[in-house]
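Laboratory data are not the source of any read-out in this text; all were calculated from the coordinates shown. Note that the coordinates shown come from a computational prediction; the quantities given were computed from them, not determined experimentally. Every residue, glycine among them, receives a Cβ derived from its backbone with ideal geometry; neighbour counts consider all protein chains shown.
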Amino acid sequence: MRNIACIEDLRERARRKVPRAFFDYADAGSYAQETLRANRDDLERIKLRQRVLVDVSSRDLGTTILGAPVSLPLALAPIGLCGMQHGDGEILAARAAHAAGIPFCLSTMSICSIEDVAEATRTPFWFQLYVMRDRGFIGALIERAIAAKCSALVLTVDLQVLGQRHCDIKNGMTVPPQIRLKNVLDIGTKPAWALGILKGKRKTFGNLAGHVRGMEGVTSLAQWTASQFDPSLSWKDVEWVRSRWPGKLILKGILDVEDAKTAAKTGAAAIVVSNHGGRQLDGAPSSISALPKIADAVGADVEVMFDGGIRTGADVVRALALGARSCMIGRAYVYGLGAGGQAGVAKAIEILRNELDVTLALTGTKSVRDIDRRVIAQM
Ligand code: GLV
């Protein structure tokens with residue numbers, strides 16, 4: 001991990017180490033990628049106030065998420081196919097998160113299963129749920145998350161149908177990787193990745209294989225989502241999930257004030273302001289532009305988390321200033337995982353920790369809990 005100074009360096013390294021189909025899958029947004037770009041552009045437009053001659057000799061990055069202490073206001077977001085960025089990717093990311101004192105969230109569409117991660121780690125993790133047509137299976141999945149002692153359930157509400165990512169079609173992105181000449185040649189240049197995957201526990205969706213029909217063969221994510229995900233999902237189903245899940249519930253993918261108000265009435269402990277990393281509704285506003293209105297409307301009733309384009313410690317300060325209590329990082333850690341497995345994820349978290357610490361100092365702020373709109377110079 002020498003010569004790695006920032007998240008973009010991890011991204012460049014991951015690009016060289018991970019087969020193109022999987023790097024692109026994580027890196028891309030949907031359609032023309034307008035929302036993907038807006039997430040970053042709008043964050044960068046927010047300028048921070050440089051404050052001087054404030055005693056910042058002791059700074060505190062710790063806070064709580066859902067009442068649990070964390071060393072940083074960050075959680076690792078659920079990432080589909082995380083274990084295709086690096087063999088056993090979910091286990092490695094969970095270990096790095098726990099070592100850093102922040103929560104890890106496992107995706108329904110992970111490669112390692114809930115049980116694999118529970119067995120390999122000691123600290124409880126969060127589980128992200130997609131609701132599929134087969135409610136019997138979803139009920140069983142919730143039971144598995146309960147049995148694994150997952151500490152929160154993150155219900156994703158913005159993916160009833162999949163936004164198209166053009167690169168997945170062009171790359172023939174499938175799980176497991178398709179034996180096409182182009183893919184084989186590409187994987188041939190990434191031997192460390194191939195070895196990691198070969199040695200890894202699983203090569204396909206660990207939570208689904210053997211449980212859901214049609215999971216046995218090679219499938220494209222788009223085809224599979226279209227056949228399995230439930231487009232009829234509604235607020236009534238949130239109630240259905242809540243009645244089965246006794247623990248803390250987080251609703252992820254809220255971008256509209258009206259939806260946020262409804263979400264706050266469901267009894268969810270937190271919402272995540274998110275446009276799925278610019279991977280779903282292209283043309284939707286950036287997450288950061290949606291955040292202040294939502295935080296003003298429901299911040300007193302429900303914990304507000306932010307997701308969408310975090311690449312620096314300054315971005316974390318921007319999101320906290322505009323009303324988030326904490327942030328999720330997705331690509332920022334996925335690049336680390338692709339670049340260097342567990343050490344790469346640890347590096348990504350360390351980079352953000354150091355940048356956040358310096359940003360606090362240079363904005364004259366002593367604790368992340370003190371960050372509010374006063375740190376913003378202009379938008
Ligand atoms: C799944 O969550 C995806 O964004 O591909």
**Request:** Take the alpha-carbon centre of segment 62-83, take the same for segment 9-33, and report the distance between them in whole Å.
**Result:** 22 Å
**Prompt:** In 5 Å bins starting at 0, how do the alpha-carbon pair distances of segment 231-324 split up by percent?
**Reply:** 2, 14, 25, 23, 19, 11, 5, 1
**Request:** Give the cross-link partners of Lys236 among the lysines, using a straight C-alpha distance below 20 Å as the criterion and excluding same-chain residues fewer than 8 apart.
**Result:** Lys248, Lys252, Lys261, Lys265
**Asked** Applying 1/(1 + (r/R0)^6) with R0 = 22 Å to the Cβ-Cβ distance of Ala147 and Trp235, what FRET efficiency is obtained, to the nearest 0.05?
**Response** 0.20
**Fill in**
Charge dipole of segment 27-165 built from unit charges on the beta carbon (Lys, Arg +1; Asp, Glu -1), centred at mean Cα; most positive-end Cα among Met132, Val70, Leu153 is Val70
**Asked** When the dipole is taken about the Cα centre of the chain, and only Lys, Arg (+1) and Asp, Glu (-1) are charged at their Cβ, what size is it in debye, to the nearest 20?
**Response** 680 debye
**Complete:** Between Thr64 and Ile169, the FRET efficiency computed from the C-beta separation at R0 = 41 Å comes out, to the nearest 0.05, as 0.45
**Request:** Quote the convex hull volume per residue of the chain, based on C-alpha atoms, as a whole number of Å³.
**Result:** 125 Å³
**Message:** Could you tell me the relative contact order of segment 272-379? Use alpha-carbon pairs under 8 Å, at least six residues apart, and round to a whole percent.
**Reply:** 24 percent
**Prompt:** Dipole of segment 99-162, Cα-centred, from +1 at each Lys and Arg C-beta and -1 at each Asp and Glu C-beta, to the nearest 20 debye?
**Reply:** 120 debye
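Report, as a whole number in µm² per second, the diffusion coefficient that Stokes-Einstein gives for segment 104-173 at 25 °C and 0.890 mPa s using the Kirkwood radius over alpha carbon pairs.
D = 183 µm²/s.
Send over the semi-axes of segment 72-229's equivalent ellipsoid, whole angstrom and largest first, taken as the square roots of 5 times the C-alpha gyration tensor eigenvalues.
Rounded to whole Å, the semi-axes are 25, 20, 14.
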**Prompt:** Suppose R0 equals 25 Å; then what is the FRET efficiency for Arg2 and Val358 from their Cβ-Cβ distance, rounded to the nearest 0.05?
**Reply:** 0.75
**Request:** Please work out the C-alpha center-to-center distance from segment 184-211 to segment 251-299 and express it in whole Å.
**Result:** 34 Å
